[in-house]
1. If I ask for residues that are among the aliphatic types (A, V, I, L, M), in a loop (DSSP other than H, G, I, E, B) and within 19 Å of Val80 (Cβ to Cβ), which ones from the range 1-48 would you list?
2. Ser71 versus (1) touching an Asp or Glu at 6+ places or on another chain (Cβ under 8 Å); (2) assigned to a helix (DSSP H, G or I); (3) at pLDDT below 95: which is the lone unmet condition?
3. Residues Ile33, Ile8, Ile42, Ile55: which one is surrounded by 16 or more Cβ atoms within 10 Å (Cβ to Cβ) and closer than 17 Å to Leu161 by Cα?
4. Filter the range 62-75 down to the residues that are under 20 Å from Arg12 (Cβ atoms) and either surrounded by 21 or more Cβ atoms within 10 Å (Cβ to Cβ) or charged (D, E, K, R) (or both) and list them by number.
5. Among Ala119, Ala76, Ala83, which is the only one that is among the small types (Gly, Ala, Ser), touching a Gly at 6+ places or on another chain (Cβ under 8 Å), modelled with pLDDT of 90 or more and in a helix (DSSP H, G or I)?
6. If I ask for residues that are among the hydroxyl-bearing types (Ser, Thr, Tyr) and over 14 Å from the mean Cα position of the chain (by Cα), which ones from the range 18-63 would you list?
7. For residues that are of a type in the set (Gly, Ala, Ser), under 16 Å from Leu105 (Cβ atoms) and surrounded by 12 or more Cβ atoms within 10 Å (Cβ to Cβ), tally how many sit in the range 136-168.
Amino acid sequence: MQNNAILINALRFILLVFLQVLLLNHLNFLGYINPYIYILFILLYPLSGNKGLLIFLSFLLGFSIDIFGDSGGVHAAASVFIAYIRPWILKFSFGISYEHNNIKLYKTSLAQQFSYVVAMVFLHHIILFTLEIFNLSHILLILKSTLFSGIFSIILLMSILILFSRKN
């Protein structure tokens, strides 16, 4: 990565952690709807970037949220999981373009962006809430939390992607 990309990713990391910890962790609609937009860092990490570094930074990202939220490592586990499976989700969402490494997330179609965000968010949330509740007898609570928090997170993430997209 270039120095400019490193600076942008470092600022994105810090901004998303503070936004999640100071603002979004305190939003709690109906007892179980909480948006998690810190995964935007993982979604927007450059495709040409080091995959091992992405997994390490994802751990640090999730661990930072866990430290401030006193959540025992569930965010770190969910973040590392989606960072690990990201190449398969990218291939699913963008097809042959991903294999040729010529994807620019902002320049792809809205449907491709949406499928990428939805897959990543729901996988993150199902891992997060399964580890947080850690009791399969509460499967309906896990699914309800995943669904509603996922929808809210997707709406926020897609809004951010559309708002900050670079139009040429």
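1. Of everything in the range 1-48, those that are among the aliphatic types (A, V, I, L, M), in a loop (DSSP other than H, G, I, E, B) and within 19 Å of Val80 (Cβ to Cβ) turn out to be Ile37, Ile39, Leu47.
2. (2)
3. Ile42
4. Scanning the range 62-75 gives Gly62, Ser64, Ile65, Asp66, His75.
5. Testing whether each residue is among the small types (Gly, Ala, Ser), touching a Gly at 6+ places or on another chain (Cβ under 8 Å), modelled with pLDDT of 90 or more and in a helix (DSSP H, G or I) leaves just Ala76.
6. Tyr32, Ser48
7. Going through the range 136-168 one residue at a time, the tally reaches 1.
The values are calculated or read from the model by the stated rules, or taken from the named source; none is laboratory data. Predicted model, so just to flag it, every value in this text is computed and none were measured. Cβ coordinates were reconstructed from backbone atoms using ideal geometry, including for glycine residues, and neighbour counts include every protein chain displayed.
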